[in-house]
Structures are given as C-alpha cells and as structure tokens.
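Some notes on the structure that comes next.
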Amino acid sequence: MTKVAVVTGAGTGIGLAAARSLLDSGYRVVLAGRREDVLKEAAAGSPDALAVRTDVTDEASVRALFQAAVGAYGRVDLLFNNAGSAAAGTVGDISLDDWNRIVAVNLTGSFLCAREAFNVMRGQDPRGGRIINNGSISAYAPRPASVAYTATKHAITGLTRSISLDGRAYGIACGQIDIGNAATAMGSRMADGVPQPNGQIMAEPVFDVAHVGTAIRYMAELPLEVNVQFITVMATTMPYVGRG
C-alpha cells in the first residue's frame, strides 16, 4: 500500500526538503502552503504530488486540505506539521499583533492540522498514522528577542506529548523534530551573524536542509509500534548546548 503524507509549509525550505525526501521514498505527498504558485512549482514533475493552497490558521481551510488529501489518495498516513512564522521582539517590545500572528500560525495552526489528521487516521482502514511536529532548538533554549516564537515552540512540545498520549488507542504515533540552523531562507541568516546572549553578533554554522528531509523520512518509515519521540538535527558546532 502506497503511503500518503501531508506536509504543511511545503513550498520552500524545510517543508520542501521533507516533501522531496518523502516523494523519493515512494510516498504520495500533499503539499500545503499559502502561496499557490510556489506549491505548484514544488509539485511539478511528480505524479504523486498534489498542491493545495492552505491557510493553517483557518479551520475551514485546514479541513478542506485533509478532504482533498483523502479525496485524491484515500487516506493519510503522515502529517508533517511544519508551517511556521517568526518575528523579532523582546517580551517588553513585541506587539500584540505580532504575538497573535505567531501564535495563530505556529501553535493554533499545528493544532488544527493535527486534529484533522488525527480524525482521519483513527477512522481509516487500516487505522492509524504518524504526526511529526516541527519544534525547533527554541523548544528548549531561546534566542534573544524571540519571546513569541520561543513560547509557541515550547507549546509544540506539549502538543506533541498530548497527541502521543491521546493517539495510543488508535495506532497514532507522534514525534517532534527540533532543528538548529538548517540552510533555508530563514536559517541562512545565521551565517551572516546573529545576536548572542552576551550582546555580540556572531556568525553561526549552518547545514544542508536535505539532511532534515532524511531525518523526516527515517521517522516516517518506522512501523507504528516504534516512535522517535524527539530528535534534534543541528549544525554540529552551533552554539546550542552552551547557549546563554
């Protein structure tokens, strides 16, 4: 049976790397994101890729995404909850609009997609599936002036654990991938120099985002009685362990 994956934020960066890796390993992949042109370009050339424009903050849009996946391929075996947003700002400076936007995308969007995937997975035959949430190194250790992003990524860890527990009765596994300094449009700025806790600006190493796709594929291809609960994929010498 060919497995079916839904990847959010799939048009670029980490989501695109994951989608390509899953397609290469034989999955049918539904690519979700806000920009239809970018999604269609990402899906072009693969008969097993379906692009669906999606706003993860909108309940109806998320429901339509999973209806499209089931309508096209009959089931959903994997959700990679990857869509995310960030904005710089300390706890004293960030605007409420920026806070609400980041919470809506990173946390509420992940919940809405997980809820739809969960309901599809527990009702399909064969039952079950896997949800992988994109956490971040910031799920453990914050960067300066990143209060909204950090708070949502800490919350993703709670979401991951709750899905893991709630999914046991239905053969639904849930894990989290925490990524540090992948070379994407967002992550590549690390190589140009970013603020450190001591006030300095320092360049940080980055790594090829294709390795994230490899990690996602490893997690996805495990049998459902096996789960990678948490995995950290990072540039070897980035200042993570000693951050702060």
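The values are calculated or read from the model by the stated rules, or taken from the named source; none is laboratory data. Just so it is clear, the structure is predicted and the values come from calculations on it, not from any experiment. As a convention, Cβ positions derive from the backbone with ideal geometry for all residues, glycine included, and neighbour counts pool all protein chains shown.
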Those residues of region 16-29 that are out of contact with any strand residue (DSSP E or B) (no Cβ under 8 Å at 6 or more places or on another chain) and either more than 19 Å from Gly84 (Cβ to Cβ) or modelled with pLDDT under 95 (or both) come to a total of 3
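Here's the yes/no breakdown for (1) among the basic types (Lys, Arg); (2) at pLDDT below 95; (3) assigned to a strand (DSSP E or B); (4) touching a Phe, Trp or Tyr at 6+ places or on another chain (Cβ under 7 Å):
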| site | (1), (2), (3), (4) |
| --- | --- |
| Ile14 | no, no, no, no |
| Leu31 | no, no, yes, no |
| Gly45 | no, yes, no, no |
| Leu50 | no, no, yes, no |
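Return the only residue of Gly71, Gly13, Gly45 being at positive phi and without any contact (Cβ under 8 Å) to a residue 12 or more places away in the chain.
From the options Gly71, Gly13, Gly45, the qualifying one is Gly45.
The rows are residues; the columns are (1) over 26 Å from Asp98 (Cα atoms); (2) surrounded by fewer than 16 Cβ atoms within 10 Å (Cβ to Cβ).
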residue: Val147; (1), (2): no, no
residue: Ile156; (1), (2): no, no
residue: Ile172; (1), (2): yes, no
residue: Gly193; (1), (2): no, yes
residue: Val209; (1), (2): yes, no
residue: Arg217; (1), (2): yes, no
residue: Ala220; (1), (2): yes, no
First in region 183-200 and of a type in the set (A, V, I, L, M, F, W, C), second anywhere and at pLDDT below 80 and surrounded by 14 or more Cβ atoms within 10 Å (Cβ to Cβ), Cβ under 8 Å, 6 or more apart = Ala183/Ala191
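Would you be able to tell me the number of residues in region 109-138 that are part of a loop (DSSP other than H, G, I, E, B) and of a type outside the set (Ser, Thr, Tyr)? Don't jump to the end; show me each part of the working.
Start the filter on region 109-138 by keeping residues that are part of a loop (DSSP other than H, G, I, E, B), which leaves 124-128, 135-136.
Restricting the remaining residues to those that are of a type outside the set (Ser, Thr, Tyr) gives 124-128, 135.
The qualifying residues number 6.
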Pull up region 101-127, narrow it to residues that are touching a residue at least 12 places away in the same chain (Cβ under 8 Å) and of a type in the set (Gly, Ala, Ser), then point me to the one that is surrounded by the fewest Cβ atoms within 10 Å (Cβ to Cβ).
-> Ala104
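Taking into account only those residues within region 172-190 that are more than 18 Å from Phe230 (Cα to Cα) and part of a loop (DSSP other than H, G, I, E, B), which is modelled with the lowest pLDDT?
The selected residue is Met186.
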Looking at Arg168, is it among the charged types (D, E, K, R), surrounded by 15 or more Cβ atoms within 10 Å (Cβ to Cβ), part of a helix (DSSP H, G or I) and at pLDDT 95 or above?
-> no
Residue hits (region 79-123; more than 22 Å from Ala145 (Cα to Cα) and among the aromatic types (Phe, Trp, Tyr)) are Phe80, Phe111, Phe118
Across region 140-157, the tally of residues that are touching a helix residue (DSSP H, G or I) at 6+ places or on another chain (Cβ under 6 Å) and either part of a strand (DSSP E or B) or at pLDDT below 90 (or both) stands at 1
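Filtering region 80-97 down to residues that are of a type outside the set (Gly, Ala, Ser) and part of a loop (DSSP other than H, G, I, E, B), which residue is nearest to the chain's Cα centre (by Cα)?
For region 80-97, the residue satisfying everything is Asn82.
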Out of all the residues in region 85-96, is one or more in contact with a strand residue (DSSP E or B) (Cβ under 6 Å, 6 or more places away or on another chain) and either crowded, with 18+ Cβ neighbours inside 10 Å or within 21 Å of Tyr218 (Cβ to Cβ) (or both)?
-> no
